[in-house]
Amino acid sequence: MEYSDDIQLKKRFDLTGHRAFVTGSARGIGRAIALGLAEYGARVILHGVAESQKLGSALESVRKLSPDSFSVTGDLGDPKVPAKIAEQISAKCELPDIFVANASVQFRTPWNEIPLEEALLQMQVNFHSTLMLAQLFYPVMKAQKWGRIVAVGSVQEFRPHPQMAVYAASKSAQENLVRNIGRQIACEGITVNNICPGVFATDRNDAALSDPVYAKQVTDCIPTHTYAEPADAAGAAVLLCSEAGRYITGANIVIDGGLRLPG
Ligand SMILES: NC(=O)c1ccc[n+]([C@@H]2O[C@H](COP(=O)([O-])OP(=O)(O)OC[C@H]3O[C@@H](n4cnc5c(N)ncnc54)[C@H](OP(=O)(O)O)[C@@H]3O)[C@@H](O)[C@H]2O)c1
């Protein structure tokens, strides 16, 4: 067997020519992933529930790295919205060949008090919209014989929070979907993976973590004793979306400072 020493790793990370759609990329982890994909050359399609100052500011930052990037909007709690988002994208460019399902909703409620509406909304945004959007983008990926789907899960797949039973279940459902689809479309040049954040300093955790007693309880459980920054999720996402990650599919990459590990 002859081995080449010239593995051209930088080139394998290059995303020039690809169109990457990241849901919930106005802020937090989605914004950092969008910036990472733009830095590596992808044309990024940002997304928020509606036009907002944060979406505008994320787009401005992404455009400095990838000038043709643009944004779309829509509430993924509405089952009709995935198709409307695809229409918004189609009006500006071909449908994406990189899809990062990052947006989610999360409620804290004791499991025996969760109202059906709350359960359905979490499943719609966190699970069904991922399936619907993947179905919409799959034909383009299949035709290109190249595609990347990355779902953003949660460490709650391993350690479900007692007051977030449906949120945790929605993330496990999504991770199961990733393995199922990943196996079926690997032969078409399309990889499907899950990344699994632990505790990240983002808007959704602001209120809870601003209580120093609760914050210490949380960091005491994390082997690194620190939270993650949104950018900590970007490296894994870029790897999975690039040629460098072409042989990784159906995987679950946990980014949690060791939080999932038994104590
Ligand atoms: N932060 C953590 O510690 C942590 C831990 C584990 C997993 N995660 C997962 O990582 C992902 C990103 O989390 P994050 O903390 O960065 O979130 P975040 O700061 O709360 O931002 C959420 C993003 O999702 C969008 N979004 C919310 N509801 C939506 C809806 N109904 N339809 C469409 N978009 C909606 C928001 O849009 P607008 O900006 O327009 O409101 C926002 O851009 C989520 O899937 C989350 O479950 C996060």
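The values are calculated or read from the model by the stated rules, or taken from the named source; none is laboratory data. This one's a predicted model, so the numbers in the text were calculated from it and none came from an experiment. Cβ coordinates were reconstructed from backbone atoms using ideal geometry, including for glycine residues, and neighbour counts include every protein chain displayed. Areas reflect the complete protein model, heavy atoms only, side chains present, ligands, DNA and RNA absent. Shrake-Rupley method; radii C 1.70, N 1.55, O 1.52, S 1.80 Å.
Points to keep in mind about this one:
- The chain, accessible surface, carbon-and-sulfur percent (1.4 angstrom probe): 55
- Amide H contacts of Ala251 (H built 1.01 Å from N, in plane; Pro and chain starts excluded): Asn194 sit under 5 Å, all sequence-distant by 5 or more or on other chains.
- Accessible surface area normalised per residue over segment 125-226 is 45 Å², counting heavy atoms of protein chains with a 1.4 Å rolling probe.
- For segment 1-156, a crude dipole built from +1 on the beta carbon of Lys and Arg and -1 on the beta carbon of Asp and Glu, taken about the Cα centre, is about 260 debye to the nearest 20.
- Each Lys and Arg contributes +1 and each Asp and Glu -1, all at the Cβ; summed about the Cα centre of segment 167-263, the dipole is approximately 360 debye.
- Around Ile149: net Lys/Arg minus Asp/Glu count, Cβ-Cβ under 15 Å: +4
- Charge dipole of segment 199-263 about the Cα centre (unit charges at C-beta), most positive-ward option of Val238, Phe200, Ile253: Ile253
- For the chain, lysine pairs with C-alpha atoms less than 26 angstrom apart, excluding pairs fewer than eight positions apart on the same chain, total 23.
- Candidates per chymotrypsin sites (Phe, Trp or Tyr not before Pro) in segment 172-263, loop by DSSP, up to 16 other Cβ within 10 Å: Tyr247
- The chymotrypsin sites (Phe, Trp or Tyr not before Pro) found in segment 1-62 that occupy coil by DSSP, while having at most 12 further C-beta atoms within 10 Å, are Tyr3.
- Computed with a 1.4 Å probe over protein heavy atoms only, the accessible surface of segment 26-72 comes to 44 Å² per residue.
- Here is the list for segment 117-189: trypsin sites (Lys or Arg not before Pro) lying in DSSP coil, each with at most 14 other C-beta atoms within 10 angstrom of its C-beta, are Lys145.
- In sequence order, calculated HN-Hα J values of segment 100-110 (Karplus, 6.51, -1.76, 1.60; Hz; x Gly/Pro): 10, 8, 10, 4, 8, 10, 8, 10, 9, 8, x
- Counting only whole DSSP H helices of the chain, the ones at least 27 Å long by C-alpha along their axis and with mean Kyte-Doolittle hydropathy no lower than -1.0 are 165-185.
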